[in-house]
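Below is one structure; the comments refer to it alone.
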Amino acid sequence: MMVDNSQTFTADVGAPDVSSRKLKATNARMEHENPDDYLWRLLQGGKLAGLHFRRNQLIEGYVAPFYCRLSGLVVEVDIERCDEGKPCKERERVFTRRGLRTIRIRGEALLSNPASALQTIRRAAEAPKSRLTRAARPTLPGAEA
């Protein structure tokens, strides 16, 4: 009896692909994850380039969802909400008057590509501030003044 050795079989043929299962589990979790909570887990404790973010920082009566004092950056996810009826434009004016920059990230973009969202936040944090506020705020290590 002749055996055809042209095909090679491995012992794990038919075994479930572990990496595929992990990816499916991660995707299932992310579908039900609150984007704000997910971003906080990625930012808290200086995980992003050592930047210290505060969550739900009160600034002149308005809430900044994610605030980095050192860079003067406010990060918002899915800005469909405003603070208890106060107009969003007024909040923007208050933040701008204080020399803060605000960036917005779509929740679905954050959940589908967190690395890109974090890169956007890091670039914004390291970007030079306006001339009016630069002298009043320290610069990030490694960022141009």
Task: Some residue of the stretch 72-86 being part of a helix (DSSP H, G or I), farther than 20 Å from Asn34 by Cβ and at pLDDT 90 or above - done: no
Task: Filtered residues of the stretch 99-117 (kept if part of a loop (DSSP other than H, G, I, E, B) and surrounded by 15 or more Cβ atoms within 10 Å (Cβ to Cβ)) - done: Leu100
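Give the number of residues within the stretch 95-109 that are touching a strand residue (DSSP E or B) at 6+ places or on another chain (Cβ under 6 Å) and not hydroxyl-bearing (Ser, Thr, Tyr).
The total comes to 7.
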Task: Matching residues, the stretch 89-119, being over 18 Å from His52 (Cβ atoms) and of a type in the set (Val, Ile, Thr) - done: Val94, Thr96, Ile105
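The values are calculated or read from the model by the stated rules, or taken from the named source; none is laboratory data. Please read these numbers as outputs of a predicted model, since none were measured by experiment. Because the Cβ atoms are built from the backbone with ideal geometry, glycine has one as well, and the counts that use them run over all protein chains shown.
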